[in-house]
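S.K.: Before I ask anything, here is the structure I am working with.
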Amino acid sequence: MIKFFLMVNKQGQTRLSRYYEHVEITKRTMLEAEVIKTCLSRSKDQCSFIEYKDFKLVYRQYAALFVVVGINQTENEMAVYELIHNFVEVLDKYFSRVSELDVSFSVSEIHL
């Protein structure tokens, strides 16, 4: 099951966040900061799956954007990895060459 979906830039700023389980606002801020720090600190040679606390992180980098998905322990990492790619392809078709600015200014139009 997907717990949350984040899109962040290389500077660590959250551009889009969607939670599928209730998380208090103060805890969201701390969670996002830790998750972003963990994903951004990894090299391109390292695996895109990370065991983190009581769930897993699956992430992909597209230019200056990172897409990070938090999932439970039983979810298939490869299926989520492919889901991220399909989501970015849809954004690319919708915006014709999606960029960070498209995501920042059109968050209200995107319904996850």
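S.K.: Yes or no: Arg15 in contact (Cβ under 8 Å) with a residue 24 or more places away in the chain, farther than 13 Å from Val69 by Cα and either touching a strand residue (DSSP E or B) at 6+ places or on another chain (Cβ under 9 Å) or crowded, with 16+ Cβ neighbours inside 10 Å (or both)? Break it down into steps so the answer makes sense when it comes.
M.R.: Numbers: in contact (Cβ under 8 Å) with a residue 24 or more places away in the chain: yes; farther than 13 Å from Val69 by Cα: yes; either touching a strand residue (DSSP E or B) at 6+ places or on another chain (Cβ under 9 Å) or crowded, with 16+ Cβ neighbours inside 10 Å (or both): yes.
Criteria met by Arg15.
S.K.: For region 57-68: of the residues being over 11 Å from Ile36 (Cα atoms) and not aromatic (Phe, Trp, Tyr), which is most open to solvent (accessible area, probe 1.4 Å)?
M.R.: So the first thing to find is which residues in region 57-68 are over 11 Å from Ile36 (Cα atoms), and the list is 58, 60-65.
Narrowing further to those that are not aromatic (Phe, Trp, Tyr): 58, 60-61, 63-65.
Details: Val58: 0, Arg60: 48, Gln61: 65, Ala63: 86, Ala64: 42, Leu65: 16 Å².
So, considering only residues that are over 11 Å from Ile36 (Cα atoms) and not aromatic (Phe, Trp, Tyr), the one most open to solvent (accessible area, probe 1.4 Å) is Ala63.
Every residue, every condition in (1) farther than 14 Å from Met7 by Cβ; (2) at pLDDT below 90; (3) hydrophobic (A, V, I, L, M, F, W, C); (4) not in a helix (DSSP H, G or I), yes or no:
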site	(1), (2), (3), (4)
Ser43	yes, yes, no, yes
Leu57	no, no, yes, yes
Val67	no, no, yes, yes
Asn86	yes, no, no, no
Val90	no, yes, yes, no
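S.K.: Can you find, within region 13-37, the residue that is farthest from the chain's Cα centre (by Cα) among those that are over 22 Å from Met1 (Cβ atoms) and among the charged types (D, E, K, R)? Before the answer, list the steps.
M.R.: Residues of region 13-37 over 22 Å from Met1 (Cβ atoms): 13, 15, 26, 29, 33, 37.
Next, from what is left, pick out any that are among the charged types (D, E, K, R): 15, 37.
On the way: Arg15: 10, Lys37: 13 Å.
By that ranking, first place goes to Lys37.
The values are calculated or read from the model by the stated rules, or taken from the named source; none is laboratory data. Values in this document were obtained by computation on a predicted structure and should not be read as measured data. Neighbour counts run over all protein chains shown; Cβ positions are idealised from the backbone, glycine included. Keep in mind that these areas ignore ligands, DNA and RNA; they rest on the heavy atoms of the full protein, side chains included. Shrake-Rupley method; radii C 1.70, N 1.55, O 1.52, S 1.80 Å.
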